[in-house]
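I'd like to ask some things about the structure below.
Every read-out reported here was derived from the displayed coordinates using simple, explicitly stated rules and does not represent laboratory data. Just so it is clear, the model here is predicted, and its values are computed rather than measured. Heads up, the Cβs are rebuilt from the backbone with ideal geometry, glycines too, and the neighbour counts pull from every protein chain shown.
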Amino acid sequence: MWIIIFSSIQRIAKLLRKHQIITDMSEEAMVENDLTGPFMPHGIGHPLGLQVHDVAGFMQDDSGTHLAAPSKYPYLRCTRVLQPRMVLTIEPGIYFIESLLAPWREGPFSKHFNWQKIEALKPFGGIRIEDNVVIHENGVENMTRDLKLA
């Protein structure tokens with residue numbers, strides 16, 4: 001399930017296209033060719049527990065069987081099936097960081113990047129929205145929103 005959420009969030013391409021940061025390319029092609037990668041260079045969240053990035057996100061059972069992130073999503077921090085009482089953070093973001101964008105300035109996809117708009121946004125660095133959620137049997141509780149912390 002987490003991989004499906006991650007894959008959906010990778011559709012940040014919709015925002016990039018809507019705001020003409022990436023042009024003349026379908027959202028599917030952006031995702032397929034990882035044009036979203038330099039704008040969101042991390043996963044969309046992770047389990048919260050004893051550590052900030054709790055290592056239990058890769059444990060598949062009580063004995064600690066480990067399931068690594070798939071190569072397509074190396075920043076994925078949870079491959080577990082989500083279960084009631086799990087606490088996770090959901091933190092999509094968008095960034096404008098030169099070191100991540102630099103490799104895209106050359107090559108066949110460079111023409112699709114609206115470099116003028118990107119340069120205008122770089123001074124802001126980016127933004128990440130974080131919500132902490134609890135998985136329940138019949139739904140999800142967003143503690144950040146429910147407690148009016150955001």
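Work the Kirkwood hydrodynamic radius out for segment 79-135: mean of 1/r over every pair of different alpha-carbon atoms, inverted, in Å.
Across segment 79-135, the inverse of the average 1/r is 14.1 Å.
By count of other Cβ within 10 Å, fewest leading, how are Ile21, Ile97 ordered?
Fewest to most other Cβ atoms nearby, the residues stand as Ile97, Ile21.
If I take R0 = 22 Å and measure r between the Cβ atoms of Glu32 and Ile127 in this structure, what FRET efficiency does the formula 1/(1 + (r/R0)^6) give, to the nearest 0.05?
Approximately 0.30, to the nearest 0.05.
What are the ³J(HN,Hα) values, in whole Hz, obtained from phi via the Karplus relation 6.51 cos²θ - 1.76 cosθ + 1.60 with θ = phi - 60°, for each residue of segment 132-146 in sequence order, with x given for Gly and Pro?
Karplus-based 3J(HN,Hα) across segment 132-146 equals 9, 10, 10, 7, 10, 4, 10, x, 10, 9, 8, 5, 4, 6, 5 Hz.
Lys/Arg Cβ at +1, Asp/Glu Cβ at -1, dipole of the chain taken about the Cα centre: which of Gly125, His42, Ile135 is farthest positive-ward?
Gly125
List the lysines whose Cα lies under 29 Å from the Cα of Lys18, skipping any in the same chain that are fewer than 8 positions away.
Lys72, Lys111, Lys117, Lys122
Something else: Sort out for me the Cα centre separation of segment 22-52 from segment 92-150, rounded to whole Å.
Value for the Cα centre distance between the two parts: 8 Å.
Something else now. Can you sort Val81, Val133, Val87 from fewest to most other Cβ atoms within 10 Å of each residue's own Cβ?
Fewest to most other Cβ atoms nearby, the residues stand as Val81, Val87, Val133.
Another one. In nm, to one decimal, how far is the Lys18 label point from the Asn114 one, both placed 7 Å along Cα→Cβ?
The two pseudo-label positions are separated by 1.3 nm.
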